[in-house]
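Novice: One structure follows; several queries about it will come next.
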Amino acid sequence: MKSTSSPRALQTVLIALAVVLLVVGVVQLNAVEKRISTQEQQLRSLGESSERMVGELKRLKGNGAASTEKVNSNVGTASVPSSEDCETDPVLHPEVPNFLVNHDTHWPAAGANLGGALTKGWPSGDPKGFNSLLENSAELQEDVFNYVDALIADRNKWTDPDKWHGELACRVEVTDDFREYTIYLRKGVRWHAPSGINLKSKEYAWLDRPHEVTAEDLAFTFEMLLNPQVENGFLKNYYADLQSWKVVNSHTLVVRWKKKVVNSIAFTLNLAPIPKFLLAYDERGVPFPKETLGLRFNQHWYNNKGYVGAGPYRLSEYVPGNKLVLERNEDYFGSKPAIKRVVHPIYTDPNLTLLKLKAGELSLGRLRASQYREEIQRYQGQPQSALPKNSPFFDGRINCRTLDAFGYRYIGWNGDHPIFSDPRVRMAMTLALNRKEIIERIFVGLGEVAIGPFLPSTGGLDTTVDPLNFDLARARKVLSDAGWADTDGNGLIDKAIKGKRTQFEFTLLIYGSSPEYTALANIFKEDLLKIGVKLNVTSAEWSLMQKRMDEKNFDAFTGGWALPWEVDAFQIWHSSQADIPKGSNRVGFRSKEADKLIEQLRETFDPEERRVLLRKIHRLIYESHVYSFIMTSKEVFCTSRDVKDVVFAKVRPTTDFRPWSVAQSQ
């Protein structure tokens, strides 16, 4: 029997079939698109992984340990792990952008030799110790800590110092209006092996294993910074507004400040952690009791043996009275410097720096003003025929540059001393100090007369203050107004102090290895005697001088401060720093008005408002006359011809040689 289906029924069947085919096609198309998308993601990931692998291989090849192979990358283009390459734990504030930017200056430079050694003198004698939380030494900071430490983050100091790039940190989240910092550390960063001890001996076997840098080390660092038993007043003041720190996990730490302060950025990010695995234990590996941890930290058994960091160099050797040696850390996570080894011969005679430079025993050194005058300055402007024939300063063996030192020199007066408790007396001392003659004769013009504690470039100096130019007649009048007179006709002025007739006689403590300060003291001595004041001079090597300053065991002393990128007056000038162990307010400057301004400065972000506050602070310091400001300084910085790729940072330009290289000696 034949089918008798109607045309309408057939049409319905055909439409249904078409719908089925369309659905199947869509499903298949979606599956194809999904596979294509997945493959594209896989290819993209593979490409990114390949690029990272190629970059890492290039970095490893370019920074090989003992290789003398030349590299072809330019400074600023070498591969370096960035925040994007850094593996972190899940972030707490994904909506907050990373505060850190990429490091925009890298090394080594094109063609740099990777096996060179730099030799730089250490002319101040043996360090008192190496603990970075205890030692307030510019030389240790510049020549050891700066290279051995790994910071949480650092400034892009060669290009834009207001921007921060990560070192130990991959990511930093700044929240609650600069009150809270969440820090995510790189994983797998290891502390250097301690030097100065035999790790293979039974005594130190507990230290003979790898130790990773963790959030616990950061927490331990903050704990020691603020421990009241720890004698680090010069640092503790920076963290007075720190409220808390919390270890979230082994690589995440949250730091909380009590209030919004400008320098919380630098005080948080520019911190180098200290190794808890070493410094929280006694020599047998037994943890220190919590009750005496700070006291034991002050006298730690390792403080004089060496220094452990996680940075691009390791302190590999310290021979007291002989040398300090840094070796490149081949496990460093960032761009490894070209210079493989840095040797610091230790000595105390400043003249040896010049002799060693000329003999080729040093490849880097600073000339004292008198040395600069004799070796270079007196020949400037002379014809070629008049230049010394065998001088390394004129035949290309040594290159010298004059650079701003970013600091100032001064004489500090003990404001708690009976003679110097009167600001008029301290003012008279500045009037009797012939600073222009001292700068020209002793420092051969390498500086300008200073009128205050801030650099002129900051805009923080009140230029309306009396510059107190050299004037012995005025100095004599000021002393007379303060009650000083020669009552017994012996040529020296005197005064009744606490019922006792006191002759105006005092001792100036100077750095024993400085012929410039010796000459300065002699000029000052002669001029003071003309107005009836007797000056005695005593010298001390740096470690002893630092001890006497810390203990406030002086009448007056010669000193100098190197200044940071951002001005903070608290450490040196706040009243709270005058009476704490090893505080930097050694002269006893105390002013409630200045304290309020200094505290306000820390909370003020606007640049012009900060300049106004600085000028007010400057005037109060000026009116106290606790310092006789001598000069803002320049320094003569010399390198041998084997030192290549010499570039200087915008911050403290002579304190970082990581972009440099040293060619093979010829």
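The values are calculated or read from the model by the stated rules, or taken from the named source; none is laboratory data. Just so it is clear, the structure is predicted and the values come from calculations on it, not from any experiment. We place every Cβ from the backbone using ideal geometry, glycine too, and count neighbours over all the protein chains shown. Heads up: the accessible areas ignore ligands, DNA and RNA and are worked out on the full protein's heavy atoms, side chains in. Shrake-Rupley method; radii C 1.70, N 1.55, O 1.52, S 1.80 Å.
Novice: Distances over 21 Å make up what percent of all Cα-Cα pairs in the range 411-503?
Specialist: 45 percent
Novice: May I ask you to rank K534, K260, K336, K477 by accessible area, largest first, using a 1.4 Å probe over the protein chains only?
Specialist: Accessible-area ranking of K534, K260, K336, K477, largest first: K477, K534, K260, K336.
Novice: Past the 32 Å Cα-Cα mark, which pairs from K120/K163; K534/K582; K276/K644; K200/K547?
Specialist: K276/K644; K200/K547
Novice: Another question, if that's okay. Accessible area of R474, 1.4 Å probe, to the nearest 10 Å²?
Specialist: Ignoring ligands and nucleic acids, R474 comes out at about 80 Å².
Novice: Considering the dipole of the range 338-424 built from charges on the beta carbon (Lys and Arg +1, Asp and Glu -1) around the Cα centre, which of L403, A369, G381 is farthest to its positive end?
Specialist: G381
Novice: Can I ask one more? Excluding residues fewer than 8 places away in the same chain, name every one of the aspartates and glutamates whose C-alpha is closer than 20 Å to that of K356.
Specialist: D126, E139, D143, E374, E375, D395, E516, E635, D642
Novice: Rank N553, N198, W660 by how far each Cα sits towards the positive end of the charge dipole of the chain (+1 on Lys, Arg Cβ; -1 on Asp, Glu Cβ) and give me just the farthest.
Specialist: Of the listed residues, the answer is W660.
Novice: So, one more: Calculate, axis by axis, the spread of Cα positions in the chain along the three principal axes, and write the results as whole Å, longest axis first.
Specialist: For the chain, the Cα extents along the three principal axes come out at 155, 60, 59 Å.
Novice: With Cβ to Cβ distances under 9 Å as the rule, what net charge do the other residues near S513 carry (K, R +1; D, E -1)?
Specialist: Net of charged neighbours comes to -2.
Novice: So what does S250 come to for accessible area, using a 1.4 Å probe and Å² rounded to 10?
Specialist: Here the residue's solvent-accessible area equals roughly 60 Å².
Novice: Report, in debye and to the nearest 20, how large the dipole of the range 337-392 comes out about its Cα centre when Lys and Arg carry +1 and Asp and Glu carry -1 on their Cβ.
Specialist: Using Cβ point charges on Lys, Arg, Asp and Glu, the range 337-392 gives about 140 debye.
Novice: Can you give the percent of C-alpha pairs in the range 170-242 whose distance is more than 17 Å?
Specialist: In whole percent, the share of Cα-Cα pairs in the range 170-242 beyond 17 Å is 65.
Novice: Under the Karplus relation 6.51 cos²θ - 1.76 cosθ + 1.60, θ = phi - 60°, what is the ordered set of whole-Hz ³J(HN,Hα) values for the range 98-114, x standing for Gly and Pro?
Specialist: Result, rounded to whole Hz: 5, 5, 8, 10, 6, 6, 9, 9, 10, 8, x, 7, 4, x, 5, 6, 9.
Novice: Which GluC sites (Glu not before Pro) from the range 457-559 combine a DSSP loop assignment with at most 11 other Cβ atoms within 10 Å?
Specialist: Loop-located and lightly packed - E551.
Novice: Of S124, F145, A110, whose Cα points farthest to the positive end of the dipole of the range 93-151 (charges on the beta-carbon: +1 Lys, Arg; -1 Asp, Glu; origin at the Cα centre)?
Specialist: Of the candidates, A110 comes out farthest on the positive side.
Novice: Can you give the charge dipole size of the chain about its Cα centre, rounded to the nearest 20 debye, using +1 on the beta carbon of Lys and Arg and -1 on the beta carbon of Asp and Glu?
Specialist: It works out to roughly 600 debye.
Novice: Take every DSSP beta bridge whose two residues both sit in the chain, then give the antiparallel share in percent to the nearest 5.
Specialist: 80 percent
Novice: Quick one: which residues, 5+ away or cross-chain, put their amide H under 5 Å from the amide H of R190? H built at 1.01 Å from N.
Specialist: Excluding prolines and chain starts, which carry no amide H, the hits are V213.
Novice: What's the carbon and sulfur percent of the range 400-463's accessible surface, probe 1.4 angstrom, rounded to a whole number?
Specialist: Carbon and sulfur atoms account for 49 percent of the accessible area of the range 400-463.
Novice: Another question about this same structure. For the chain, with every protein chain kept in place, what is the accessible area per residue (1.4 Å probe, Å²)?
Specialist: Dividing the accessible area of the chain by its residue count gives 46 Å².
Novice: For the chain, return all DSSP H helices satisfying: extent of Cα atoms along own axis at least 24 Å; mean Kyte-Doolittle hydropathy at least 0.0.
Specialist: Correct list, ordered by number: 7-62.
Novice: Give the carbon-plus-sulfur fraction of the accessible surface of the range 139-230 in %, rounded to a whole number; probe 1.4 Å, heavy atoms of protein chains only.
Specialist: The nonpolar share, carbon plus sulfur, comes to 46 percent.
Novice: For the range 217-261, give the magnitude of the charge dipole about the Cα centre (Cβ charges: +1 Lys/Arg, -1 Asp/Glu; no others), in debye to the nearest 20.
Specialist: 320 debye
Novice: Go ahead and estimate [θ] at 222 nm for the chain from helices alone: -39,500 (n - 2.57) per DSSP H run with n ≥ 4, summed, over the residue count, rounded to 500.
Specialist: When only DSSP H runs of four or more count, the value is -8500 deg cm²/dmol.
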